[in-house]
Amino acid sequence: MVDDTAAALSSPRAKPALDGASSAAILLMLLDESDAATILKHLDPEEVRHLAKAMFDTANASERQIEQALEQFVMSSRGVSALAVGADTRIRTVIHEAVGNVRADNILAAAAPQRSAASLEMLRWMDVEAIRALLDNEHPQVGALILSVLVPDVAARAIETLDEARQADLMLRAAQLTAVPAAAIEDLESVLANANADGQRVVKQAIGGPSDVAKIMKMMPKQLSERTIRALKRQDRALAQTIEEEMFVFENLRELDKRSLGTVLRSVDAAQLAVALKGSDGDMADLCLSTMSQRAAETIRDEMTEMTMVKRVDVEEAQKAIMQIVRQMAANGEIMLAGAGDDYV
């Protein structure tokens, strides 16, 4: 009996069932590309994103997992009535042929489930920045309708940078919405058609920027990166400073040798260091405090313990101030920040 149980557990069929997203992803990849695309067109953006991730995750599905996906599909399909397939189109066609177009429209308006307007679907695919621009520039009633349609986290990100009066007005109008008049939908469709014509509907891929440039420059030989920074400062000092800050952030203190790290931290105010370390992990705190005397380390640990909640912005400011000291000391030759192309003997 024990042997039978062990054999059953070790059998391939004893593996846990695939979740719904994984099964759906496998089935989609078994279909012709055009058929899979047709199915995806009927899903909302969040479902498409979820399925896209699942398709990447299951790209190397085993034969047994494919069998499981097919088995789950067959089992689920048994509960679907044949009458449900294409029912909406058939019902509308029958009613129109029976009573004529005008009377059919009146009957179906009262009896048929409401369809989501195409414009509302467009909103779910728009870039957050484009939505924010609409909320800021369009009539508040249109903005309130937009807010009501969006997924809550997207709505929150779209509204967070608007001015306080605009935020309050939009939220009040959205809270007061009940039924939406046809005229409001028409206004929204017009606004979205214009936005789509301007290319605002497309979600933009973040690329480039100071962070990417900083990563490139950090891989360059030190002399070359310093020369490039000087050239950038002549054209845009603020941007050059941002790139410098990105090139060596607080976490990069781990890359300093212990002597250099100690030299830096002796120049940092204890209270400032305590705030900076409060926002980093325990390993970083241990590393930094290990370069100090026992008494100094205990003082900073006590300060960190006495702190309750520290604002993220305060931590970031403290860390930036410390990194400014690091860069200044490196420029003065007190410590060495090696670039990728530097060789030492």
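Values computed for the structure shown
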{"quantity": "Per-pair calculated FRET efficiency, R0 = 51 Å: ALA165 and LYS320 via Cβ, rounded to 0.05", "calculated": "0.95"}
{"quantity": "Distance between modelled label sites at MET75 and ARG254, nm, 7 Å Cα→Cβ extension", "calculated": "4.4 nm"}
{"quantity": "Highest average packing first - 24-31, 209-216, Cβ atoms within 10 Å", "calculated": "24-31, 209-216"}
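Only the coordinates and a few stated rules stand behind these numbers; no lab work does. Source: prediction; values computed, not measured. Neighbour counts are summed over all protein chains in view; Cβ atoms, including those assigned to glycine, are modelled from backbone coordinates with ideal geometry.
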